[in-house]
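What follows is a set of notes on a single structure, which appears directly below.
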Amino acid sequence: MENKIAEFLFNRTGVGNFRKFLNVASFRQKLIAGNVANSSTPVYKSRDIDFHREFNRITKNDSRLSGVTTHPAHIPTGNHESKPPEPEEAEVIDGDLNSVDIDQEISNLAQNELLFTVGATLLQRKFEGIRKAIQSR
């Protein structure tokens with residue numbers, strides 16, 4: 001009985017998608033922070049992911065196939081949710097120290113922070129709605 005209630009509360013109400021949303025935002029935040037930290041490292045290639053494409057991939061909102069794992073030791077293939085994102089690396093232009101544009105990275109940092117804050121706020125409201133439904137208010 002507990003599993004059915006937990007499945008309903010966390011999977012069918014959209015909480016799982018919020019978790020995925022926050023995980024993608026957190027992963028991107030780490031990439032951007034790494035770019036900023038290496039802004040003066042010679043030949044460093046800045047790394048980033050397309051947030052929306054990655055979120056669509058793990059929520060299966062695209063037309064590509066995803067592999068199914070039938071055993072915990074299997075390696076996920078295709079668009080499998082547990083497959084980590086593959087960051088794209090920007091090329092270093094001749095004459096530049098590296099490919100990090102600090103202004104762009106700070107802009108990406110602010111945009112990603114906003115995405116994470118919105119996702120966390122919406123998740124908080126979802127939990128408040130579930131709590132109110134349980135308490136019958």
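Things to note:
- Among residues of region 11-37 that are within 15 Å of Leu123 (Cβ to Cβ) and free of Cβ contacts under 8 Å to residues at least 12 places away in the same chain, those with a Cβ under 9 angstrom from a residue that is in a loop (DSSP other than H, G, I, E, B) and of a type in the set (S, T, N, Q), sequence gap 6+ or separate chain, pair up as Gly16/Thr59.
- Entry remark, region 92-137: residues being charged (D, E, K, R), in a helix (DSSP H, G or I) and in contact (Cβ under 8 Å) with a residue 40 or more places away in the chain number 3 in total.
- Scanning region 5-61 for residues that are in contact with a helix residue (DSSP H, G or I) (Cβ under 6 Å, 6 or more places away or on another chain), in a helix (DSSP H, G or I), of a type in the set (D, E, K, R) and farther than 15 Å from Thr117 by Cα yields a single hit, Glu54.
- Check on Arg64, assigned to a helix (DSSP H, G or I), modelled with pLDDT under 90 and not hydrophobic (A, V, I, L, M, F, W, C): no
- Taken over region 84-137, residues that are within 13 Å of Ala25 (Cα to Cα) and among the hydroxyl-bearing types (Ser, Thr, Tyr) amount to 1.
The values are calculated or read from the model by the stated rules, or taken from the named source; none is laboratory data. Bear in mind that the values here come from a model prediction, so they are computed numbers and not experimental data. Here Cβ is always computed from backbone atoms with ideal geometry, including for glycine, and neighbour counts include all displayed protein chains.
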